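The values are calculated or read from the model by the stated rules, or taken from the named source; none is laboratory data. A quick note: this is a predicted structure, and the numbers were derived from the prediction, not measured. In this analysis, Cβ positions are derived from the backbone assuming ideal geometry, glycine residues included, and neighbour counts consider all displayed protein chains. Side chains included, ligands, DNA and RNA excluded: accessible areas come from the protein's heavy atoms. Shrake-Rupley method; radii C 1.70, N 1.55, O 1.52, S 1.80 Å.
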Amino acid sequence: MLEGLVPLHLVDKLNHDQDNGITFVILGLVFTIMVPIVGKATDSLIEWRGETMRYYAMMFGAAATVCSVLLMALANSYAVMMVGYAFFAVADLCMFIPAQSAYGDFVNGANTDSMARGYSISVFAWALGAISLPPIGTALYSRFGFSKP
């Protein structure tokens with residue numbers, strides 16, 4: 001949900017407002033390239049070390065997400081900001097892909113016909129966050145910036 005904050009941060013900290021569009025192209029390319037790689041790596045890790053590695057992969061993704069946001073906050077150039085944003089995309093995938101597969105395994109293991117209903121609830125929650133969090137994040141950024149209040 002950083003889509004509303006990254007352009008503000010680029011303008012505020014780096015005085016860089018002309019390449020906001022390319023910022024999201026870079027992010028989209030990273031997502032497109034890395035989705036199959038992270039998915040295959042997650043599957044390989046689970047096959048190699050067992051189901052518990054799924055949760056370690058999600059914890060790694062959460063920790064890496066925190067580190068990537070810190071990298072973006074401390075960036076002093078557009079290039080470093082884009083490296084941090086690309087790292088954020090990969091960290092997000094490391095968290096999201098194992099979580100979605102765990103959810104699917106959970107629903108399949110319950111022997112119910114609720115897979116579609118379960119995913120629809122999940123997508124609804126994601127959409128609610130996608131709609132409500134960018135304005136909240138933008139308001140907080142406008143008030144406090146990327147620093148402590």
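Can you tell which of Leu71, Leu133, Leu93 is under 23 Å from Val25 (Cβ atoms), within 15 Å of the chain's Cα centre (by Cα) and at pLDDT below 80?
After applying the criteria, what remains is Leu133.
Just name the residue that is modelled with the lowest pLDDT out of those in region 1-49 that are surrounded by 13 or more Cβ atoms within 10 Å (Cβ to Cβ) and of a type in the set (D, E, K, R).
My answer is Glu3.
State which residue pairs qualify: first residue open to solvent by 50 Å² or more (accessible area, probe 1.4 Å) and inside region 117-146, second residue not in a helix (DSSP H, G or I) in any location, beta carbons under 7 Å apart, and separation of 6 or more residues or different chains.
The qualifying pairs are Leu133/Met1.
Name the pairs whose Cβ atoms lie under 9 Å apart, with the first residue in region 85-100 and farther than 15 Å from Val69 by Cα, the second open to solvent by less than 30 Å² (accessible area, probe 1.4 Å) and basic (Lys, Arg), and 6 or more positions between them or separate chains?
Pairs that qualify, where the first residue is farther than 15 Å from Val69 by Cα and the partner is open to solvent by less than 30 Å² (accessible area, probe 1.4 Å) and basic (Lys, Arg), are Pro98/Arg54; Ala99/Arg54.
When the residues of region 56-78 are filtered to those that are under 27 Å from Asp105 (Cβ atoms) and of a type in the set (Val, Ile, Thr), which remaining residue is least open to solvent (accessible area, probe 1.4 Å)?
It comes out as Thr65.
Hey, among Met53, Met81, which residue is open to solvent by less than 60 Å² (accessible area, probe 1.4 Å) and within 25 Å of Phe106 (Cβ to Cβ)?
Sole residue among the options that is open to solvent by less than 60 Å² (accessible area, probe 1.4 Å) and within 25 Å of Phe106 (Cβ to Cβ): Met53.
Kindly check whether there is at least one residue in region 21-29 that is in a helix (DSSP H, G or I), farther than 25 Å from Tyr141 by Cα and not basic (Lys, Arg).
yes
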